[in-house]
Amino acid sequence: MSFHEKSSWAMAAVMLAGLIYYFSLVDRMSKGMETLAPPVLPVVVTYVVVIVILSIASHILIAISKPSEADDTMDERDKLIAARAGNIAGVLLGLGVLGGLGAYLFTYDGNLMFHTVFGAMMIAQIAEYGARIVYYRGGF
């Protein structure tokens, strides 16, 4: 496995864990209310900080495991894989944003719109890393 493929696996796991953490926290906060919990800045900041720390730690571990491969330069294959995976992520993000805006048009719930768009960002990133893994494995 190349460094970039290992990185994609690590980032997919980090982002999936972050998604589960964030939405379980939103679910717990919403339990005491009769509506969806509003976005809370400390929760969003904590999410971002945890993602950054886990990303750095996972890449350090990947680099330590095989220092000779810890080269971040992308060859032509890596660039093509990143571009194709990025296209998929962009489409998913766009659909998620449209879904959030559509939900707002029908419910006038800004909290729902925020969480939908924030979730779409997370899902788009997970999909991008998943697509990279598939492409590195020779799929499509």
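The values are calculated or read from the model by the stated rules, or taken from the named source; none is laboratory data. These numbers were taken from a predicted model, which means no experiment stands behind them. With ideal geometry, Cβ positions are generated from the backbone for all residues, glycine too; neighbour counts draw on all protein chains shown. With ligands, DNA and RNA removed, areas are computed over all heavy atoms of the protein, side chains included. Shrake-Rupley method; radii C 1.70, N 1.55, O 1.52, S 1.80 Å.
Some observations on this one:
- Filter result (of a type in the set (Phe, Trp, Tyr) and open to solvent by 60 Å² or more (accessible area, probe 1.4 Å)) within the range 109-133: Phe114
- For beta carbons closer than 7 Å, sequence separation of 6+ or different chains, a first residue in the range 95-107 that is touching a residue at least 24 places away in the same chain (Cβ under 8 Å) and a second that is aliphatic (A, V, I, L, M) and open to solvent by less than 100 Å² (accessible area, probe 1.4 Å), the qualifying pairs are Gly96/Val117; Gly96/Ala120; Gly96/Ile123; Gly96/Ala124.
- Residue in the range 36-55 that is out of contact with any helix residue (DSSP H, G or I) (no Cβ under 7 Å at 6 or more places or on another chain), closer than 18 Å to Trp9 by Cα and modelled with pLDDT of 95 or more present: yes
- Checking each residue in the range 71-85 for being loosely packed, with under 15 Cβ neighbours inside 10 Å and of a type in the set (Gly, Ala, Ser) picks out only Ala83.
- Breaking point among (1) on the phi > 0 side of the Ramachandran plot; (2) in contact with a Phe, Trp or Tyr (Cβ under 8 Å, 6 or more places away or on another chain), for Tyr108: (2)
- Flag for Phe106 being at pLDDT below 95 and either open to solvent by 40 Å² or more (accessible area, probe 1.4 Å) or more than 29 Å from His4 (Cα to Cα) (or both): no
Residue-by-condition table, conditions (1) in contact with a Ser or Thr (Cβ under 8 Å, 6 or more places away or on another chain); (2) at pLDDT below 95; (3) of a type in the set (Phe, Trp, Tyr):
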{"position": "Leu98", "(1), (2), (3)": "no, no, no"}
{"position": "Leu101", "(1), (2), (3)": "no, no, no"}
{"position": "Phe114", "(1), (2), (3)": "no, no, yes"}
{"position": "Ile123", "(1), (2), (3)": "no, no, no"}
{"position": "Ala131", "(1), (2), (3)": "no, no, no"}
{"position": "Arg137", "(1), (2), (3)": "no, yes, no"}
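- Among the residues making up the range 1-49, those that are of a type in the set (Ser, Thr, Tyr), surrounded by fewer than 19 Cβ atoms within 10 Å (Cβ to Cβ), touching a residue at least 24 places away in the same chain (Cβ under 8 Å) and closer than 30 Å to Ala70 by Cβ are Ser2, Tyr21, Tyr47.
- Residues of the range 54-98 satisfying the condition of being assigned to a helix (DSSP H, G or I) and among the β-branched types (Val, Ile, Thr): Ile56, Ile60, Ile62, Ile64, Ile81, Ile88, Val91, Val97
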